[in-house]
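The values are calculated or read from the model by the stated rules, or taken from the named source; none is laboratory data. None of these values were measured; they are calculated from a predicted model. Note that we place each Cβ from the backbone using ideal geometry, even for glycine, and neighbour counts take in every protein chain shown. Please note that ligands, DNA and RNA were not included when accessible areas were found on the heavy atoms of the full protein model with its side chains. Shrake-Rupley method; radii C 1.70, N 1.55, O 1.52, S 1.80 Å.
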Amino acid sequence: MIEPDVLVVGGGPAGMNAALAAANAGATVLLVDRFQNLGGQLVKQTHKFFGWAARGAGARGFELAQKWEGEIQNHPRIRTLLGFEVIGAYKDGIWLAADLEDFYKIKPKRVVIATGASERMITFENNDYPGVYGAGAVQTLMNVYGVLPGERYLIVGSGNVGVIVAYQLLQAQAKVEAIIDILPRLGGAYWVHAAKIQRAGVPILLKRTITGVYGEGHVERAETIGVDEKFQPIPGTERTFSVDVVLLAVGLMPLSELLFELGVREYYIPELGGFVPWHDETGRTSHPEIFVAGDVAGIEEATTAALQGRISGLQTALDLGYEVNKDEIDELKMLLTQFRRSSLSEKVCQGLERLHTKGV
Amino acid sequence: MRRITVHPILNFPPKKKVKFIFEGREVEGYEGEPIAAALVANGFYEMRESVNLHRPRGFFCAIGNCSSCLMVVDGKPNIRTCITPLREGMKVEIQKDKGVLK
């Protein structure tokens, strides 16, 4: 039985920062991740981050992951279990982490759930066919493992992820035939990124959706159609793309199964990506010993995830009687508020407001 | 499919090559990369069949979540090959059923 002060589930930007904050304040931490390495989805981010996380230096995502991973591995109070997955949480406060050979029982005093999110799927003919990928999966394949799964790409969804992946595909010298979006306007992407890929010759086709993919054992072409303002297909606007990969960048949803199992109060808030656990400013859920940070608390991005992780990590240490500078928590909360003032966070702020009007 | 060699930001230094067996043939990949990444790099896209209709399923999420890449590895079914590191001599097969607990 491992008995840490704090169990952190998930080693992405939120989990790494929760572990570091709690451990720096004096708590013992066990950090569990189902991957063999820390960093979560930050390891595939090649674009630069600014502001708090990068300390103004414009570090790239994977560089931030390496920095935090180094701090964790050298930390005397943090133990990591990599390649292990937390598969159960029981009413008596025991948690279970396992791989295929071995398992550990864990009895923590506080838990920070930072499990992140998974990619959404949409309906079209043969959407289960090899060659249809979540956009994040191709990002992982090309940016972490250096493998390009095809040469010609169609991207569905013009949000931040779709546009950034298009740019990264161009960097890897692949051909992006188009980005399509069913909405009449660009999704949540930064204009500067969208302008960049359009200059590079990638058209962004709005009011258009995918109806099917076809080929022999693998995607060889994708069929699309224009839609009207009620999202109904307009006959005569069909367009075929000769592509071998279709990327779905149609949003993410929180990976909150563990919280659901524990009966933590969840609400359906579409602005935050679906069912999200109720939580206060420090990430505390309806279960006073369980905190959430990062995408599992509502879909945002890596900088806000890292800040949320720091805050909940410090709060767990404070709960357990370690000495924590409360000004530091307040300062992090203020940074989080400032970061969310960008117009891209408008939806998130509305979602959080709705979540906070609900009871515990 | 191909391996990226030139990239404006990232470096992909050469790693240790290992041989493994996919569906009876010898295939090469890099040690420690996910089994599914090695298969895609070799142009093999089908990882399992759907249980009822036996449709081909391939790489989808890369985070060990969607079960589209469950394969039989060294005789063990339901291995999430997108997060399982490749080792020399592994025997990798397309999974065609739910797998059996032995």
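Numbers at a glance
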read-out: Cα-based shape type of the protein assembly as shown, given that a ≥ b ≥ c are square roots of the gyration tensor eigenvalues and the cut on a/c is 1.5; value: oblate
read-out: Approximate spin-label separation A:Glu328-A:Lys175, in nm, with each point projected 7 Å along Cα-to-Cβ; value: 5.4 nm
read-out: Selected from A:Leu335, A:Leu38, A:Leu307 as most flexible by GNM, with chain A as the system and alpha-carbon contacts under 10 Å; value: A:Leu335
read-out: Cα-derived Rg over Rh, computed across region B:17-94 with Rh taken as Kirkwood radius; value: 0.93
read-out: Qualifying trypsin sites (Lys or Arg not before Pro) in region A:1-104, DSSP loop, other Cβ atoms within 10 Å at most 14; value: A:Arg55, A:Lys91
read-out: Nearest-10 value in Å² for the accessible area of A:Tyr322, using the 1.4 Å probe; value: 70 Å²
read-out: In sequence order, calculated HN-Hα J values of region A:226-232 (Karplus, 6.51, -1.76, 1.60; Hz; x Gly/Pro); value: x, 10, 8, 5, 9, 6, 8
read-out: Test item: B:51-61 mean partner chain Cβ contacts at 10 Å; value: 5
read-out: Accessible surface ranking that places the most exposed of A:Lys347, A:Lys107 first, with a 1.4 angstrom probe; value: A:Lys347, A:Lys107
read-out: Listed residue pairs exceeding 22 Å between alpha carbons, taken from A:Lys48/A:Lys196; A:Lys44/A:Lys196; B:Lys17/B:Lys91; A:Lys44/A:Lys175; A:Lys196/A:Lys333; B:Lys76/B:Lys96; value: A:Lys196/A:Lys333
read-out: Cα centroid of region A:162-205 to Cα centroid of region A:1-46, whole Å; value: 33 Å
read-out: Modelled label reach - B:Glu23, point 7 Å along Cα→Cβ, region A:207-242 residues with backbone N closer than 13 Å; value: A:217-218
read-out: Extension reserve of the A:Glu3-A:His287 stretch, reckoned as 0.36 nm per residue once the Cα distance is removed; value: 100.3 nm
read-out: DSSP H segments from chain A that extend 15 Å or more along their own axis, Cα-based, with Kyte-Doolittle mean of 0.5 or above; value: A:13-24, A:160-171
read-out: Sequence-distant residues sharing a close amide H with A:Gly88 (under 5 Å, placed H); value: A:Leu96
read-out: Charged-residue dipole, Cβ positions (Lys, Arg, Asp, Glu), region A:237-360 about Cα centre, Debye nearest 20; value: 320 debye
read-out: Dipole magnitude of chain A, debye to nearest 20 (Cβ charges: Lys/Arg +1, Asp/Glu -1, about Cα centre); value: 840 debye
read-out: Alpha carbon convex hull of region A:120-238, volume per residue in cubic angstrom; value: 108 Å³
read-out: Electrostatic dipole magnitude of chain B [Cβ: Lys, Arg +1; Asp, Glu -1; Cα centre; debye, to 20]; value: 100 debye
read-out: Cβ-based charge dipole, the protein assembly as shown, positive-most Cα from A:Pro270, A:Ala27, A:Val132; value: A:Val132
read-out: Sequence-separation-based contact order of chain B, relative, with Cα cut under 8 Å and 6+ spacing, percent; value: 29 percent
read-out: Spacing of the two label points (7 Å from each Cα toward its C-beta) at A:Arg340 and A:Phe260, in nm; value: 2.4 nm
read-out: Scattering curve values for region A:189-324, log₁₀ I(q)/I(0), Debye with Cα scatterers, q = 0.10, 0.14, 0.18, 0.22 Å⁻¹; value: -0.57, -0.85, -1.03, -1.24
read-out: FRET efficiency, 1/(1 + (r/R0)^6) with R0 25 Å, evaluated for B:Val6 and A:His193 via beta carbons; value: 0.65
